[in-house]
1. When you scan the range 62-97, how many residues do you find that are away from the ligand (no atom under 13 Å from the Cβ) and on the phi > 0 side of the Ramachandran plot?
2. Considering only the range 1-109, give the strands (runs of 3 or more DSSP E) lying wholly within it that have at least 3 residues that are open to solvent by 10 Å² or more (accessible area, probe 1.4 Å) and closer than 30 Å to Thr417 by Cβ.
3. Looking at the range 221-246 only, could you name the residues that are surrounded by fewer than 21 Cβ atoms within 10 Å (Cβ to Cβ) and not hydroxyl-bearing (Ser, Thr, Tyr)?
4. Do we find a residue being at negative phi, in contact with a strand residue (DSSP E or B) (Cβ under 6 Å, 6 or more places away or on another chain) and open to solvent by 20 Å² or more (accessible area, probe 1.4 Å) anywhere in the range 193-202?
5. On the given criteria, is Gly181 within 16 Å of the ligand (Cβ to nearest atom) and farther than 22 Å from Ser24 by Cα?
6. Only residues that are open to solvent by less than 60 Å² (accessible area, probe 1.4 Å), of a type in the set (D, E, K, R) and out of contact with any Ser or Thr (no Cβ under 9 Å at 6 or more places or on another chain): list them for the range 138-159, please.
7. Tell me which strands (runs of 3 or more DSSP E) are completely within the range 372-429 and hold 3 or more residues being touching a Ser or Thr at 6+ places or on another chain (Cβ under 6 Å) and open to solvent by less than 50 Å² (accessible area, probe 1.4 Å), or say none if there are none.
8. Give just the number: which of (1) within 16 Å of the ligand (Cβ to nearest atom); (2) surrounded by fewer than 16 Cβ atoms within 10 Å (Cβ to Cβ); (3) in contact (Cβ under 8 Å) with a residue 24 or more places away in the chain does Ser217 not satisfy?
Amino acid sequence: MSRARIIIDRDFTIGAVPRRIFGSFVEHMGRCVYTGIYEPGHAEADENGFRQDVMKLVKELGVTVVRYPGGNFVSGYNWEDGVGPVGSRPRRLDGAWHTLETNAFGLHEFVDWSRQSGVEIMEAINLGTRGVDAARELVEYANHPGGTFLSDLRKKNGHADPFNIKLWCLGNELDGPWQIGHKTADEYGRLAQEAAKAMRLVDPDLELVACGSSGSSMPTFGAWEQTVLAHAYDEVDYVSLHAYYQEDDGDAASFLASAVDMDYFIDSVVATADAVRAKGKHKKHINLSFDEWNVWYQRRLDSEDQPHQVSKAGWREHPRVIEDAYNVTDAVVVGTLLNSLLRHGDRVKIANQAQLVNVIAPIMSEEDGPAWRQTIFYPFTRMAELANGQILHTKVDSDRYENARFGDTDLVDVSSTWDEENGKIAFFLANRGLEEAANVEVLLRGFDNARLTRAEVLQIPQGHDRLTTNNLQIGEHVGLTTLKDVKAAGHELTFTMPALSWAVVEIEAAKS
Ligand code: AHR
């Protein structure tokens, strides 16, 4: 049995929980939109074609903000194709995913869907093949009240009131050679600066995200952020980060330590943004938008039915693309990635798990069939529900383990929050130990009369192994069950986490 000793102190807080870190992402990619959130004719679809079984799971997941419409897709997308009467919308070739895009779903549909789901919209503009003009026109179409050609066109197309979209991404992964319209940092920095200026001239209240690096291992990482922000610092509010993790060659120990890379990535971008701030003598801070993150088995892109192979099959509508099946290990890793985001909540203000449905997603849906939860659904839904109020500094003294990629790493990973309004303290924990249970002891400073209100665990189901997934055949086999024998009294808390598990423990406590 390994051991971890955790200390929290009521006076040591990191800041308010940025609720936008429980964001997600809907891209026109594979079956995320079509047969995912939208499937007219499905038995569960409403009159708009929105699948209500999927919508129910989206609400249960607790998503706060959704990025749309891409991703790589946006870098070749004309927003105008997705507005107006559906029958007259053009069918287009989407080069990013080699897919035939019908444009049956576009901006108006996404706004309606978001309102029904209760999520905020994060809209991405195309800075791959398009530029300043299309960007400012889209803002006018979406946010201007009326009396101009574009705002009146929106009215004519069915939405009298402006959409009032506040949060915008200035393109997607323009640092990546795979991106349509890939740019150098100088080219992108200047374009982002000018697009931002023109968009703000239409609507001064926008919050704008500049593209950072599409991974910490990109050769231009660091220099890219430095150059882009040197151009656009005053015009933008956030810089983006993207990261995907996978288990390589059965090295579960390293995979389980993926959050070490996420910590490094975040700390490095904060340092770079602050260095540009100092050099340029700027007043404001640039915050971080981790607007794509997840576990993604990118290796499987090489298999038969994946995007760059899809060309063999011709141009198809919504093919099955990167529909990763997530196992117990993946769920534990997702829990640690969420911990990393939360622990950095003083600077990471937005985060979007990529993606929402079917495409590397917590929610799966079958055409004409049911919708269901993958293993990674569970840490997300509980953290989105229970991480409220203040983020606490969580001092962890955990036994450690060696792994090939990150060296010496804590076996127990944790984040915690305190909601002063209802007196609840929540701990989100992962035990990375593949063989060993972990004995956890928590000392609460500044709190007393601890009383347990919730304790749940996600672990390997009996008789199965760490690679067990949920699927249509066996159903939702992996999920949350009660974590037994949690002792909460006075200012102490003790419990045991099974080997390879994720857990949430929530208590109510008085201030002392
Ligand atoms: O989320 C899948 C893809 O990953 C996105 O389209 C792209 O931005 C990233 O490379």
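The values are calculated or read from the model by the stated rules, or taken from the named source; none is laboratory data. In this text the structure is predicted, and so the values were computed from the model without any measurement. All Cβ positions, even for glycine, are placed from backbone atoms using ideal geometry, and neighbour counts span all protein chains on display. SASA here: full protein model, heavy atoms, side chains in, ligands and nucleic acids out. Shrake-Rupley method; radii C 1.70, N 1.55, O 1.52, S 1.80 Å.
1. Qualifying residue count, the range 62-97: 2.
2. 2-9, 13-16
3. Phe221, Gly222, Ala223, Gln226, Ala230, Asp234, Glu235, Asp237, Gln246
4. Checking the range 193-202: not a single residue is at negative phi, in contact with a strand residue (DSSP E or B) (Cβ under 6 Å, 6 or more places away or on another chain) and open to solvent by 20 Å² or more (accessible area, probe 1.4 Å).
5. Judged against the criteria, Gly181 is a match.
6. Correct list: Arg154 only.
7. 412-419
8. (3)
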